[in-house]
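Working notes for the structure below.
The values are calculated or read from the model by the stated rules, or taken from the named source; none is laboratory data. Just so we're clear, the structure is a prediction, and the values are computed from it rather than from any experiment. Because the Cβ atoms are built from the backbone with ideal geometry, glycine has one as well, and the counts that use them run over all protein chains shown.
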Amino acid sequence: MSLAIDVLLILIPFFIGIVLLIFFKFKADMVGTIIFVIILIISIFYFNTDWKISFIVSLAGIIKSFPISLMVLTSILMMTYMERTGALAKIVVSFKKIGGGNQAFQIMIINLALGTFLVSIGATPVTMLPPVLAAMGYSAFASVALPAIGYDPLCTYALLAIPASFFADFMGITLVESGRAFSYYMPLVTLGIALGMLWLAGGKKLLFSKDGLLFGLLGGLTAGGTALCTNLLTLLPLGGSFSEALVLLTGVIAGLVTATVLIIIALIKKIKIIDASILTDEEKETDKSMSLVKASSPWLFLVIFVIITNLVPPIYTFLHSLPLTVTLGEIRINTSIFSHAYFWVIIATVCSIPILGRGKQTMKVWIKRSYRPVYAAAIFFAIAYIIIYSGTNYSSIIMDGNIISQIWFRFSNNNMINILALASADIFGNMYPLIVPFIGLFAGFISGSETSAIAMFTNYHAETAAALGISALAVGTANGIGGGLASVLSPAKIQNAAAVIDQVGIEGEVIKKTAPIAILMTLSVAAMCLCWANNYIWWKWLIVFGILLTILTSLGLFIYYRKEK
């Protein structure tokens, strides 16, 4: 009974978070604060964590979040600067000209290929692409849903692979190993999401049309296949810096390759790639205002800097030899400022000033836009660290009757991670991998971030896997993939997308229609996780995926006939 109460107390704050998000429309940062306060109180007063240690680890979590929270901060700076200089308007108009009216081609190249590329370098598809799609004649629902779901599959490689990098830190593995492990899921997920986008935009008519299936299959398999192949290249003796660069640039490479393949197919089918006739007179003036290369200069600088700092060995070695170490209690954090992407986002933005100009009121608008998402990114890391270090107290080292020092000692019976791991192993046994991606989906829904989902639950999954004797790498990556798939369910992301086209209020409709796709894809990831984590032989893989295919087919037929009626 005690274990059940312990588990219930750990989960209650997250259930409260869901209620606040869904029914009371709270923002992610406020929900994070409320969960943080409740978890902190429970950790101190129920799980007997020393209050000083609780606050120390909370601060450590915030500092540990810097690669993601500061990347959010600096990427918002870059996007705000591009907006204030008119560069963003030029890029948006350029996007609008794509496709020549072929919906399947437009959806794949704008939302999957360009969406993946944009989010990989720090741009935000959910705020950039909805106005483009709305101007192209797509419904408000499609304009919001498609950008949100389009970059889901490769969310692990967003912001120059920040989620994969954090997973590596929590698992104690290299970035290369982390990126490669995640990539195994990519072809399956990208294919499902690509077909799901077509279904959302035009139902079975668009999905099963000749062009729909062609571009959906090619787009999905190319994006996922490119991510897989890029990370499998790291198995070759390429050198550490080159291999890490491949992981960091996975999303960039996948987006560019996917766009190239789609364009080649469109040319073969004689589809008009660029159609400027759909622009309004005002948009035509914007289009003439500057070249696309000039408008994209911050992104081009960023990609160049990332390549140079990772592919030139002396530079790579020098930058990684300059870590700034922060020590809090018994936690040591190497921030390594000059080797992180957020530093180079700032440099790329500064280098663009002679090209694009100053950008009026950039700083004022940036500060107004950034503080809430940056805080939200940081607070969930603080929550994660409280959970990880719960049950920790000071233990005295005594010599000759005198206390000579105090060290941290974690009591496993009071540690939330250990409690959840024991309960999960006892309840689910070797079937535990089936629920892992759904836990990631849950965490991503609450936090709005795959990285936060990784931070909150990776240690829990690793301990559970160890207790069961299954692959921690398989379950850990499945949790991250689930967190990425939650992007299309995250109220924060959906609300942002709706706000930029003045359609706030349709979030419920979007989530209702996109949830089945996210859940079905999470179920697919669960099936793969089960087989991988338990090291099944080939015929067991066939049985598991045979069952999965039967379930998906049954659900598809149910949805189809229900719509027919």
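Sort through Asp6, Asp29 and tell me the only one that's at pLDDT below 90, of a type in the set (Asp, Glu) and either part of a helix (DSSP H, G or I) or closer than 30 Å to Val350 by Cα (or both). I'd like the intermediate steps shown before the answer.
Details: Asp6 fails: at pLDDT below 90.
After applying the criteria, what remains is Asp29.
For the stretch 100-122, filtering for residues that are out of contact with any strand residue (DSSP E or B) (no Cβ under 8 Å at 6 or more places or on another chain), surrounded by fewer than 24 Cβ atoms within 10 Å (Cβ to Cβ) and not in a helix (DSSP H, G or I) leaves 2.
Among the residues of the stretch 256-302, write down those that are among the aliphatic types (A, V, I, L, M), within 28 Å of Gly216 (Cα to Cα) and under 28 Å from the mean Cα position of the chain (by Cα). Even if it seems obvious, please write down each step before you answer.
At the first step, the residues of the stretch 256-302 found to be among the aliphatic types (A, V, I, L, M) are 256-257, 259, 261-268, 271, 273-274, 276, 278-279, 290, 292-293, 295, 300, 302.
Checking which are within 28 Å of Gly216 (Cα to Cα) leaves us with 256-257, 259, 261-268, 271, 273-274, 276, 278-279, 292.
Those that are among the aliphatic types (A, V, I, L, M), within 28 Å of Gly216 (Cα to Cα) and under 28 Å from the mean Cα position of the chain (by Cα): Leu256, Val257, Ala259, Val261, Leu262, Ile263, Leu292.
Among the residues of the stretch 142-160, write down those that are within 23 Å of Ile307 (Cβ to Cβ) and over 9 Å from the mean Cα position of the chain (by Cα). Within the stretch 142-160, Leu160 is the sole residue that qualifies. Among the candidates Ala421, Ala453, the residue that is free of Cβ contacts under 8 Å to residues at least 60 places away in the same chain, buried (at least 24 other Cβ atoms within 10 Å of the Cβ) and in a helix (DSSP H, G or I) is uniquely Ala453. Among all positions in the stretch 133-143, there is no residue which is outside any loop (DSSP other than H, G, I, E, B), in contact (Cβ under 8 Å) with a residue 40 or more places away in the chain, closer than 23 Å to Lys368 by Cβ and out of contact with any Leu (no Cβ under 8 Å at 6 or more places or on another chain). Number of residues in the stretch 456-496 that are crowded, with 24+ Cβ neighbours inside 10 Å, over 23 Å from Ile193 (Cβ atoms) and among the hydrophobic types (A, V, I, L, M, F, W, C) equals 1. Can we say Ile307 is under 20 Å from Lys96 (Cβ atoms), at pLDDT below 85 and among the aliphatic types (A, V, I, L, M)? Answer is no for this residue. Is the stretch 334-356 home to any residue that is touching a helix residue (DSSP H, G or I) at 6+ places or on another chain (Cβ under 8 Å) and part of a strand (DSSP E or B)? Checking the stretch 334-356: not a single residue is touching a helix residue (DSSP H, G or I) at 6+ places or on another chain (Cβ under 8 Å) and part of a strand (DSSP E or B).
From the list Phe14, Phe45, Phe36, which one is over 27 Å from Gly115 (Cα atoms), without any contact (Cβ under 8 Å) to a residue 24 or more places away in the chain and not polar (S, T, N, Q)? Give the steps one after another, and end with the answer.
Numbers: Phe14 fails: without any contact (Cβ under 8 Å) to a residue 24 or more places away in the chain; Phe36 fails: without any contact (Cβ under 8 Å) to a residue 24 or more places away in the chain.
Unique residue meeting the criteria: Phe45.
Aromatic (Phe, Trp, Tyr), farther than 17 Å from Phe167 by Cβ and within 23 Å of the chain's Cα centre (by Cα): is that true of Phe409 in this structure?
No, not satisfied.
Taking the stretch 229-249 as the range and being free of Cβ contacts under 8 Å to residues at least 60 places away in the same chain and farther than 21 Å from Leu118 by Cβ as the test, the residues that pass are Cys229, Leu232, Leu233, Thr234, Leu235, Leu236, Pro237, Leu238.
Which ones in the stretch 17-26 are part of a helix (DSSP H, G or I) and touching a residue at least 24 places away in the same chain (Cβ under 8 Å)? Outline the logic, then answer.
Let us first name the residues in the stretch 17-26 that are part of a helix (DSSP H, G or I), namely 17-22.
Scanning the stretch 17-26 gives Gly17, Ile18, Leu21, Ile22.
Cβ separations smaller than 9 Å between residues 6+ apart or across chains give the following pairs from the stretch 194-212 residues that are touching a residue at least 12 places away in the same chain (Cβ under 8 Å) to residues that are part of a helix (DSSP H, G or I) and hydroxyl-bearing (Ser, Thr, Tyr): Gly196/Thr514; Leu200/Thr514; Lys204/Tyr560. So, in the stretch 2-28, of the ones that are surrounded by fewer than 13 Cβ atoms within 10 Å (Cβ to Cβ) and among the β-branched types (Val, Ile, Thr), which residue ends up nearest to Ala376 (Cα to Cα)? That would be Val19.
Give the stretch 199-228 a look and list any residue that's of a type in the set (Ser, Thr, Tyr) and closer than 16 Å to Leu112 by Cβ, or say none. Walk me through how you get there before you give the answer.
Within the stretch 199-228, the first condition is being of a type in the set (Ser, Thr, Tyr), and the residues that meet it are 209, 222, 226.
Answer for the stretch 199-228, where residues must be of a type in the set (Ser, Thr, Tyr) and closer than 16 Å to Leu112 by Cβ: Thr222, Thr226.
Scanning the stretch 379-388 finds no residues that are farther than 25 Å from Gly329 by Cβ and either of a type outside the set (Gly, Ala, Ser) or at pLDDT 90 or above (or both).
For the stretch 511-537, which positions are over 27 Å from the mean Cα position of the chain (by Cα) and either aliphatic (A, V, I, L, M) or at pLDDT below 90 (or both)? Lay out the reasoning, then the answer.
As a first pass, look at the stretch 511-537 and keep what is over 27 Å from the mean Cα position of the chain (by Cα): 536-537.
Residue satisfying the conditions is Ile537 alone.
Restricting Ile333, Ile265 to those that are buried (at least 17 other Cβ atoms within 10 Å of the Cβ) and either of a type in the set (Asp, Glu) or touching a strand residue (DSSP E or B) at 6+ places or on another chain (Cβ under 6 Å) (or both) reduces the list to Ile333. Check whether at least one residue in the stretch 309-331 is assigned to a helix (DSSP H, G or I), over 26 Å from Gly251 (Cα atoms) and touching a residue at least 60 places away in the same chain (Cβ under 8 Å), and report yes or no. No.
Here Thr286 qualifies as farther than 30 Å from Leu175 by Cα and part of a helix (DSSP H, G or I).
Of the residues in the stretch 39-50, none is surrounded by 22 or more Cβ atoms within 10 Å (Cβ to Cβ) and closer than 25 Å to Tyr151 by Cβ.
Out of Ile68, Ile38, one residue alone is modelled with pLDDT of 95 or more, out of contact with any strand residue (DSSP E or B) (no Cβ under 7 Å at 6 or more places or on another chain) and of a type in the set (A, V, I, L, M). It is Ile38.
Does Thr127 satisfy the criteria of being at pLDDT below 85 and assigned to a helix (DSSP H, G or I)?
On the way: at pLDDT below 85: yes; assigned to a helix (DSSP H, G or I): yes.
Yes, satisfied.
Condition first: of a type in the set (A, V, I, L, M, F, W, C) and buried (at least 23 other Cβ atoms within 10 Å of the Cβ). Now tell me which residues in the stretch 80-90 satisfy that.
To start, the set of residues in the stretch 80-90 that are of a type in the set (A, V, I, L, M, F, W, C) comprises 82, 87-89.
Across the stretch 80-90, the qualifying residues are Met82, Ala87.
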